[in-house]
Amino acid sequence: MTRPIFVVGSDRSGTTLLRLMLTCHPDVAIPPESLFALDLYPAWGNVRLKDAEQIQSLCDELYADETFREWRVARANLEKTIMGHLPLSYAEFVDLVYLTYAHQHQPTAVRWGDKNPRYAMHLPWVWHLFPDARVIHIIRDGRAVFSSFREANRKAGMTIWPETVSAAARSWTIRLTTAWQHRTNPNYAEVFYENLVQAPETELRQLCAFLDLEYNPGMLDFAEMNRKEQLVPRHRLAWHSATLRPVQDSKVAAWQDALSASDVARFELMAGHHLVRCGYPIRAGRLGRFRIVNTLSLYGATLLRKLRSVHT
């Protein structure tokens, strides 16, 4: 199997931007977002794939996933490839699915990747399947993340979760702190969105070193490649319109004008401690005054998530 690359983080933190930059490297192929590998794991994760009947059934479930169908992978080619490698573990099956995508859409690629913010909550699972996987955690100021949610909702003409400041603060904090538990893993790296858009070549060179790749300047041509190859599915462009333009750093501080003073105060009330830990400044005095609220909010959100998992 190859050494896959996983891009994780909070939604609206730049995961799609980083995915496009990486997939514009001739050695890397990262398809649009899909959770099929995680979704199919409960039923198939411990199954040894040995015969055509199993492959037919597994591929039926795979192609029932609407997001996977957006990859436009020819089923006949995929099944033929899989049948030629039996018997297979589930991890080997997933590896072949991504490699088949790469061979069809980016023949020069020798590494595949997976961009999904939700994997920030499942890094032990990622390394269980692929012990040599490289994980890149992209971090963005949580206030900018919330502002970006609002802007994306406005452009798309709809509303997706999180809809409130408190929900956004909890979501950002939980993704951040859960991924942070793995900071000592040598196959884990962090990049800050603000640094990536302000000094993209410098940050990409560092990430390429982490990934054992030679830096390629074509990684900065992601916008042109997206327009030509539709790397972001057309129906998702309302959420990712910025990927059609070269990298811009004008949005780094845009949240300061977009959010009201009340919005900022509520976000810092709930997530100020972790904003400071990331190096983001907050209003003087707010952290010490409301540190207990930060702690209780995160504890309550974590407890609620555990209770929900018990009943699902």
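The values are calculated or read from the model by the stated rules, or taken from the named source; none is laboratory data. Keep in mind that this is a model prediction, so the values were computed, not measured. Please note: Cβ atoms are built from the backbone with ideal geometry, for glycine as well, and neighbour counts cover all protein chains shown. Just so you know, the surface numbers come from the protein's heavy atoms only, side chains and all, with ligands and any DNA or RNA stripped out. Shrake-Rupley method; radii C 1.70, N 1.55, O 1.52, S 1.80 Å.
Taking only pairs six or more apart or across chains, which ones have beta-carbon atoms under 7 Å, a first residue in segment 1-17 that is in contact (Cβ under 8 Å) with a residue 12 or more places away in the chain and buried (at least 24 other Cβ atoms within 10 Å of the Cβ), and a second residue that is charged (D, E, K, R) and in a helix (DSSP H, G or I)?
Partner pairs satisfying both residue conditions: V7/R19; G9/R175; S10/R175.
Here's a check for you: in segment 214-236, which residue that is modelled with pLDDT under 85 and either part of a loop (DSSP other than H, G, I, E, B) or β-branched (V, I, T) (or both) is farthest from the chain's Cα centre (by Cα)? Don't jump to the end; show me each part of the working.
Here is the first cut: in segment 214-236, the residues modelled with pLDDT under 85 are 222-236.
Now narrow it down to the ones that are either part of a loop (DSSP other than H, G, I, E, B) or β-branched (V, I, T) (or both): 230-233.
Values: Q230: 18, L231: 15, V232: 14, P233: 16 Å.
Among residues in segment 214-236 that are modelled with pLDDT under 85 and either part of a loop (DSSP other than H, G, I, E, B) or β-branched (V, I, T) (or both), the one farthest from the chain's Cα centre (by Cα) is Q230.
Which of the residues that make up segment 98-149 are within 28 Å of R170 (Cβ to Cβ), among the aromatic types (F, W, Y) and over 16 Å from the mean Cα position of the chain (by Cα)?
If the condition is that a residue be within 28 Å of R170 (Cβ to Cβ), among the aromatic types (F, W, Y) and over 16 Å from the mean Cα position of the chain (by Cα), then F146 is the only one that fits.
Scan segment 101-116 for residues that are part of a helix (DSSP H, G or I) and surrounded by fewer than 21 Cβ atoms within 10 Å (Cβ to Cβ) and report the count.
3
Mind checking which residues of segment 69-97 are under 22 Å from H128 (Cα atoms) and in contact with a Ser or Thr (Cβ under 8 Å, 6 or more places away or on another chain)?
D95, L96
Residues checked against (1) in a helix (DSSP H, G or I); (2) of a type in the set (F, W, Y):
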| site | (1), (2) |
| --- | --- |
| R12 | no, no |
| D39 | yes, no |
| Q54 | yes, no |
| F68 | yes, yes |
| N77 | yes, no |
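Yes or no: E33 open to solvent by 10 Å² or more (accessible area, probe 1.4 Å), touching a Lys or Arg at 6+ places or on another chain (Cβ under 8 Å), closer than 30 Å to A167 by Cα and not aromatic (F, W, Y)?
Working: open to solvent by 10 Å² or more (accessible area, probe 1.4 Å): yes; touching a Lys or Arg at 6+ places or on another chain (Cβ under 8 Å): yes; closer than 30 Å to A167 by Cα: yes; not aromatic (F, W, Y): yes.
It is true that E33 is open to solvent by 10 Å² or more (accessible area, probe 1.4 Å), touching a Lys or Arg at 6+ places or on another chain (Cβ under 8 Å), closer than 30 Å to A167 by Cα and not aromatic (F, W, Y).
If I filter segment 237-269 down to residues being over 11 Å from V197 (Cβ atoms), assigned to a loop (DSSP other than H, G, I, E, B) and modelled with pLDDT under 75, which single residue comes out as most open to solvent (accessible area, probe 1.4 Å)?
R245
Quick test of your reading of the structure: V7 fulfils all but one of (1) modelled with pLDDT of 95 or more; (2) β-branched (V, I, T); (3) more than 27 Å from E201 (Cα to Cα). Name the failing condition by number.
(3)
Run A189 past the list (1) modelled with pLDDT of 95 or more; (2) part of a helix (DSSP H, G or I) and report the number of the one that doesn't hold.
Exception for A189: condition (2).
Please pick out the residue among D95, D60 that is without any contact (Cβ under 8 Å) to a residue 40 or more places away in the chain, over 27 Å from P200 (Cα atoms) and of a type in the set (D, E).
Of the residues listed, the single one that is without any contact (Cβ under 8 Å) to a residue 40 or more places away in the chain, over 27 Å from P200 (Cα atoms) and of a type in the set (D, E) is D60.
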